[in-house]
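K.L.:
I'd like to ask some things about the structure below.
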Amino acid sequence: MKIHELFVDDITRRIEGVVKDSDDSNLINEMREFVITEEIGKILRELFEKYTATKQGNPGVWLSGFFGTGKSHLLKILSLVLSNREVDGVKLGNAFLEKLKDDFDIEGLVMKVLKEPAQTILFNIDSIADQKHRTGEANIFMPFKKMFDRALGFSDDPAIAKLERDLIHIGKLDAFKEAFKRQRGKNGNQVVKDFSQCRKGLIQLLQR
């Protein structure tokens, strides 16, 4: 018998040295192979206790540690657990739950978490940040706003996203899309790239 035959998984497969938030190619294996150490178990217990105890307001968590300690990996796993994302028929939150059979406290907390639907937005802030907002508050705020807008189906362009919000507020978004589609011959559900075209379409719509 050869050494590699002792392992259930193929030990010659490519294993990324760094976990990437945007890499969805191997999520089931990432979840299955995630190891809950004693230290991670303490973090999970405290985090889920505060998450499930918060009835009002917005709980905030700051995850810090030295380079290479697994922060990104843990954050990605938490994102998949909270959203209970389904991949190839497997709900990743439920798969995580299988790891907790020996820790009834955390298992109960995770079961409680999975009962409440949640949407997570996972991204690398440095890859999203605009070069023109490299310093000051905008360096943090703008990437968060862009990803939040994207999750809601709005444009990445802040000006267009504001226009979409304003149109929703006055109940005119669908009417605007139809007017824009008639004027430009484009699919009104597509994200509009040219703000000047949006303005012209809106003006024509309001002048009707």
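K.L.:
Name the pairs: first residue in the range 151-168 and in contact (Cβ under 8 Å) with a residue 24 or more places away in the chain, second residue aliphatic (A, V, I, L, M) and open to solvent by 60 Å² or more (accessible area, probe 1.4 Å), Cβ to Cβ under 7 Å, at least 6 apart or on different chains?
P.N.:
A151/I121; S155/V191
K.L.:
Among the residues of the range 163-187, how many are in a helix (DSSP H, G or I), modelled with pLDDT of 80 or more, open to solvent by 60 Å² or more (accessible area, probe 1.4 Å) and not hydrophobic (A, V, I, L, M, F, W, C)?
P.N.:
Here the count works out to 4.
K.L.:
Could you tell me which of the residues E116, E107, E98 is open to solvent by 50 Å² or more (accessible area, probe 1.4 Å), part of a helix (DSSP H, G or I), modelled with pLDDT of 80 or more and not basic (K, R)?
P.N.:
Going through E116, E107, E98 in turn, the sole match is E98.
K.L.:
I would also like to ask the following. Can you tell me which residue among F148, F154 is under 24 Å from the mean Cα position of the chain (by Cα), at pLDDT 80 or above, surrounded by 14 or more Cβ atoms within 10 Å (Cβ to Cβ) and not β-branched (V, I, T)?
P.N.:
Selected residue: F154, the only one of F148, F154 that is under 24 Å from the mean Cα position of the chain (by Cα), at pLDDT 80 or above, surrounded by 14 or more Cβ atoms within 10 Å (Cβ to Cβ) and not β-branched (V, I, T).
K.L.:
For the range 49-67, indicate whether the set of residues that are at pLDDT 85 or above and under 19 Å from the mean Cα position of the chain (by Cα) is non-empty.
P.N.:
The answer is no, given that none of the residues of the range 49-67 is at pLDDT 85 or above and under 19 Å from the mean Cα position of the chain (by Cα).
K.L.:
Continuing with this model, one more query. Among the residues of the range 110-126, is there at least one that is farther than 16 Å from L44 by Cβ and in contact with a Cys (Cβ under 8 Å, 6 or more places away or on another chain)?
P.N.:
No, the range 110-126 contains no residue that is farther than 16 Å from L44 by Cβ and in contact with a Cys (Cβ under 8 Å, 6 or more places away or on another chain).
K.L.:
For the range 6-21, state whether one or more residues are at pLDDT below 85, touching a helix residue (DSSP H, G or I) at 6+ places or on another chain (Cβ under 7 Å), farther than 26 Å from I125 by Cα and surrounded by 10 or more Cβ atoms within 10 Å (Cβ to Cβ).
P.N.:
Yes, the conditions are met somewhere in the range 6-21.
K.L.:
In this structure, is G136 open to solvent by less than 90 Å² (accessible area, probe 1.4 Å), modelled with pLDDT under 80 and either in contact with a Lys or Arg (Cβ under 7 Å, 6 or more places away or on another chain) or not in a helix (DSSP H, G or I) (or both)?
P.N.:
yes
The values are calculated or read from the model by the stated rules, or taken from the named source; none is laboratory data. This structure is a prediction, so every number in the text was calculated from the model and none was measured. Backbone-built Cβ (ideal geometry, glycine too); neighbour counts: all protein chains shown. Areas reflect the complete protein model, heavy atoms only, side chains present, ligands, DNA and RNA absent. Shrake-Rupley method; radii C 1.70, N 1.55, O 1.52, S 1.80 Å.
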